[in-house]
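S.K.: Dumping the structure here so I can ask a few things about it.
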Amino acid sequence: MKTQTKSQAAFVQAKRAIPGGVNSPVRAYGSVDGDPPFIERGEGAYIYDIDGNEYIDYVLSWGPMILGHAHPAVVEAVKVAADKGTSFGAPTEAETELAQLVKLKMPHIEKLRLVNSGTEAVMTAARIVRGYTGREIIVKFDGCYHGHSDGFLVAAGSGLATGGLPASAGVPGSITENTLSLPYNNIDMVEDFFRRKGDQIAGVIVEPIAANMGVVLPHDGFLEGLREITRKHSALLVFDEVITGFRVARGGASQYLDVIPDLVCLGKIIGGGLPIGAVGGRKDVMEKLAPLGEVYQAGTLSGNPISVAAGIATLRELEEEGFYDTIRRNTERLAESLLEVFTSADMEVQINTAPGLLTVFFSQTVVTDFLSAKDCNDSAFRKFFQGMLTRGIYLPPSPYEAWFFSIQHNDTMIKRTMEAVTEAIDELKL
Ligand SMILES: *Cc1c(COP(=O)(O)O)cnc(C)c1O
């Protein structure tokens, strides 16, 4: 009989107290079999579970930890902030400092409101967009994930793609009937819908580089087309940069791809691993928010001093010379090695990348939207995932998620990762 690991025992206990044993569904390993390791601590690009196993971490808390775990500057900033008190519900100077830092990196953001999560950021953006235009319909794209608020649980990616759920129970149809989901990368369908309903559409929200159905890049002209069509119909364009912001480039995907939206949703990296989100953009649009305008939004813990301190410390580190070159080079290096090894093993895979993001799709067809993303071999992924985990490589436990890079990932780790890949592929062929 196999002895139970500490993680397995912990999972049994967790399941008695917490639905599914986890506080966010994808952590439960539902689509990869096996039980999740319980994490004790992290350092740089490594995490350690309660059984003492070491892993190279390509999940990085699903994106926020671009500096790696327990970065000294972030830890210090958090300690200093905590010493002064953890929440006041009154303005602090640090909130302005964080907003100014964001504005410097993303000049199209004129004003910024801090919230507590990416979900809240998108929820708020939707309300602003509707309040500003006086219209109700919001267009999103299949496989894009915009958090778990009611209005966006329509053909959403991330954990919903993993579970194969079209949406969610508990969401009234009356709420989602104003969200229309169209195929990613299909500008003709957007154009057609605007032709029919243009005067009722408040805005379009998109992941400018999709990363919640696995990484899917926008075709040339897709984002430019969205920009043009929304402008023509006086609707607003919202980029959900909760993952891509401060990751694919200092100024996020809008800088990287040179398309400027009206509003941007931020999260993950902006809090350096503490709970936060933000929505920002055009001054005239942002000023619709209370107390200046009639769009209500509030939060007891919004602009929380500890989250803000971690965010400031993180954003400052991104200024380091060559930061994004390193991230991009490492992503490309791993992608090239992966392609080489899979190809020489006669396994056809699709590898989509953006700087700091990578997905290996176990598929023979090019992945350009949700439909093609879902057309992959889940059981091959499952085996590959387990083979990697056993060898100390911590990948996202789903075929529809991105692998994340931190600045701490280096050549040695990439080499170790590739050794594991080679062995895991050998097992796949058995
Ligand atoms: C993670 C994510 C969200 C939701 O953010 P939470 O902080 O988990 O609420 C929204 N949009 C995108 C693109 C995300 O990746």
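S.K.: Filtering region 327-349 down to residues that are of a type in the set (S, T, N, Q) and within 20 Å of the chain's Cα centre (by Cα), which residue is farthest from Phe385 (Cα to Cα)?
M.R.: Asn330
S.K.: Got at least one residue in region 333-342 being touching a Lys or Arg at 6+ places or on another chain (Cβ under 7 Å) and crowded, with 19+ Cβ neighbours inside 10 Å? Before you say what the answer is, go through the steps one by one.
M.R.: Within region 333-342, the subset touching a Lys or Arg at 6+ places or on another chain (Cβ under 7 Å) is none.
The answer is no, given that none of the residues of region 333-342 is touching a Lys or Arg at 6+ places or on another chain (Cβ under 7 Å) and crowded, with 19+ Cβ neighbours inside 10 Å.
S.K.: Could you grab me the full set of residues in region 183-217 that are of a type in the set (A, V, I, L, M) and either within 14 Å of the ligand (Cβ to nearest atom) or not assigned by TED's automatic domain parsing to the domain that holds Ile260 (or both)?
M.R.: Ile205, Val206, Ile209, Ala210, Ala211, Met213, Val215, Val216
S.K.: Has region 281-300 got any residue that is within 30 Å of Ala424 (Cβ to Cβ), at pLDDT 95 or above and touching a strand residue (DSSP E or B) at 6+ places or on another chain (Cβ under 8 Å)?
M.R.: Pass one, region 281-300, residues within 30 Å of Ala424 (Cβ to Cβ): none.
Checked region 281-300: no residue is within 30 Å of Ala424 (Cβ to Cβ), at pLDDT 95 or above and touching a strand residue (DSSP E or B) at 6+ places or on another chain (Cβ under 8 Å).
S.K.: If you don't mind, another one. Here are Ala77, Ala99, Ala82, Ala94: which of them is surrounded by 22 or more Cβ atoms within 10 Å (Cβ to Cβ) and modelled with pLDDT of 95 or more?
M.R.: Working: Ala99 fails: surrounded by 22 or more Cβ atoms within 10 Å (Cβ to Cβ); Ala82 fails: surrounded by 22 or more Cβ atoms within 10 Å (Cβ to Cβ); Ala94 fails: surrounded by 22 or more Cβ atoms within 10 Å (Cβ to Cβ).
Result: Ala77 is the single residue among Ala77, Ala99, Ala82, Ala94 that is surrounded by 22 or more Cβ atoms within 10 Å (Cβ to Cβ) and modelled with pLDDT of 95 or more.
S.K.: Which is farther than 20 Å from Thr244 by Cβ, buried (at least 18 other Cβ atoms within 10 Å of the Cβ) and of a type in the set (Lys, Arg), of Lys374, Lys429, Lys415?
M.R.: Values: Lys429 fails: buried (at least 18 other Cβ atoms within 10 Å of the Cβ); Lys415 fails: buried (at least 18 other Cβ atoms within 10 Å of the Cβ).
Residue meeting the stated conditions: Lys374.
S.K.: Under 6 Å by Cβ, and 6 or more places apart or on different chains, what pairs join a residue from region 218-240 that is at positive phi and outside the structural domain of Ile187 (by TED's automatic domain parsing) with one that is surrounded by fewer than 19 Cβ atoms within 10 Å (Cβ to Cβ) and assigned to a helix (DSSP H, G or I)?
M.R.: Hits for this filter: zero, empty list.
S.K.: Quick one: which residue in Ala45, Ala90 is of a type in the set (A, V, I, L, M) and within 30 Å of Ala290 (Cα to Cα)? Walk me through it before giving the result.
M.R.: Working: Ala45 fails: within 30 Å of Ala290 (Cα to Cα).
Among Ala45, Ala90, only Ala90 is of a type in the set (A, V, I, L, M) and within 30 Å of Ala290 (Cα to Cα).
S.K.: Here is a list: Val204, Val242, Val259. Which entry is under 26 Å from Thr359 (Cα atoms) and part of a strand (DSSP E or B)? Give the derivation first.
M.R.: Numbers: Val242 fails: part of a strand (DSSP E or B); Val259 fails: part of a strand (DSSP E or B).
Exactly one of Val204, Val242, Val259 is under 26 Å from Thr359 (Cα atoms) and part of a strand (DSSP E or B), namely Val204.
S.K.: Restricting attention to region 268-295, report how many residues are within 11 Å of the ligand (Cβ to nearest atom) and either among the small types (Gly, Ala, Ser) or surrounded by fewer than 16 Cβ atoms within 10 Å (Cβ to Cβ) (or both).
M.R.: Of the residues in that region, 3 qualify.
S.K.: Contact list please: Cβ distance under 7 Å, first residue in region 180-197 and of a type in the set (Asp, Glu), second residue crowded, with 17+ Cβ neighbours inside 10 Å and assigned to a helix (DSSP H, G or I), pairs at least six apart or on different chains.
M.R.: Glu191/Ile229
S.K.: Moving on. Condition first: of a type in the set (A, V, I, L, M), within 16 Å of the ligand (Cβ to nearest atom) and part of a helix (DSSP H, G or I). Can you find one or more residues in region 72-89 that meet it?
M.R.: Going through region 72-89, the residues of a type in the set (A, V, I, L, M) turn out to be 73-75, 77-78, 80-82.
Add one more test, that the residue is within 16 Å of the ligand (Cβ to nearest atom), and what stays is none.
There is no residue in region 72-89 that is of a type in the set (A, V, I, L, M), within 16 Å of the ligand (Cβ to nearest atom) and part of a helix (DSSP H, G or I).
The values are calculated or read from the model by the stated rules, or taken from the named source; none is laboratory data. Note that the structure is a prediction, hence the values are computed from the model and not measured. Heads up, the Cβs are rebuilt from the backbone with ideal geometry, glycines too, and the neighbour counts pull from every protein chain shown.
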